[in-house]
Structure formats: C-alpha cells, structure tokens
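Structure first, commentary second.
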Amino acid sequence: DNVIPYWAVALWMFALALTFLVRDEAKDRHIITMRVRLLFAFSVALIVVAIVASLYLGWSPVGSKFMSGIQGRYFIPISFILIPVFINLGIYINDSKKAMRLAYGAMALSITGALLVVAIRYWHGISM
C-alpha cells in the first residue's frame, strides 16, 4: 500500500536508460540483429497481453470499464526480456566511467527514496 515517489521511479528509469547507452569500445560485442530484437519485443507484448487478459478475466466484473488487480510487480520479471531490444542501438556515450558513476548515483538515490518511504510508513504509520 506504499506508493513509491514518482521522482524515484523516474531516476531509476533514467539510470537504466543511461546504462543501455554506455559502451566500452574495447569490449563492443553486443551484436543483436533486428529480427532478434523484434522477436523479443513481440514476446514481451504477448506476455503483457496475457497478464492483463488473465487479470481482467479473474478479477474484474463483467462489463467493467476498469481492470482490477493489475500491479507493476507482475511486469518486473518480463522487463529483463527487453534488454536485448534496447541495447546497442547505435547511440552511445563514450565517457563510460562518468556515465556509470551518474547511473550508480541515480540508482542509489532512487533506492534510498523508496526505502525512506517504506521506513516512514513502517515506523510512523504515515502513508505517503
């Protein structure tokens, strides 16, 4: 019942996007064809449709305008399947050390914010 602040989620997404763009020219071996990328993207889309449809059928009343029971946690495991879709798209940040420090900092700040929300809720009973 805790809502993670939007800034924490945005920082996490920024850090993930930044890590996709960083490359080490000496170890640039991420060659993924467009066909494989489309296969992974189609697989994720199919899984998302299956999750949403099953939750709609299982939890929502017939004819409802809203779908009950859908939560972000159901999509976390399949989000990793999207990594091959976005990695090595031809847009790179060559200063990998600086970019990775920025990504690590954004991730640490995001996790700290989420933990603070949970800690405040746990010890003080205040929902944010």
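The values are calculated or read from the model by the stated rules, or taken from the named source; none is laboratory data. Since the structure is predicted, the reported quantities are computational estimates derived from the model, not experimental observations. Here the Cβ positions follow ideal geometry from the backbone for every residue, glycine too, while neighbour counts run over all protein chains shown. When the accessible area is computed, the model is the full protein with side chains, heavy atoms only, and any ligands, DNA or RNA have been set aside. Shrake-Rupley method; radii C 1.70, N 1.55, O 1.52, S 1.80 Å.
Here are a few things to note about the model shown:
- Flag if Ser60 is open to solvent by less than 40 Å² (accessible area, probe 1.4 Å), on the phi < 0 side of the Ramachandran plot, polar (S, T, N, Q) and free of Cβ contacts under 8 Å to residues at least 40 places away in the same chain: yes
- Pairs with Cβ under 8 Å, 6+ apart, first in the stretch 38-57 and touching a residue at least 24 places away in the same chain (Cβ under 8 Å), second among the aromatic types (Phe, Trp, Tyr) and surrounded by 11 or more Cβ atoms within 10 Å (Cβ to Cβ): Val48/Phe75; Ile51/Tyr74; Ile51/Phe75
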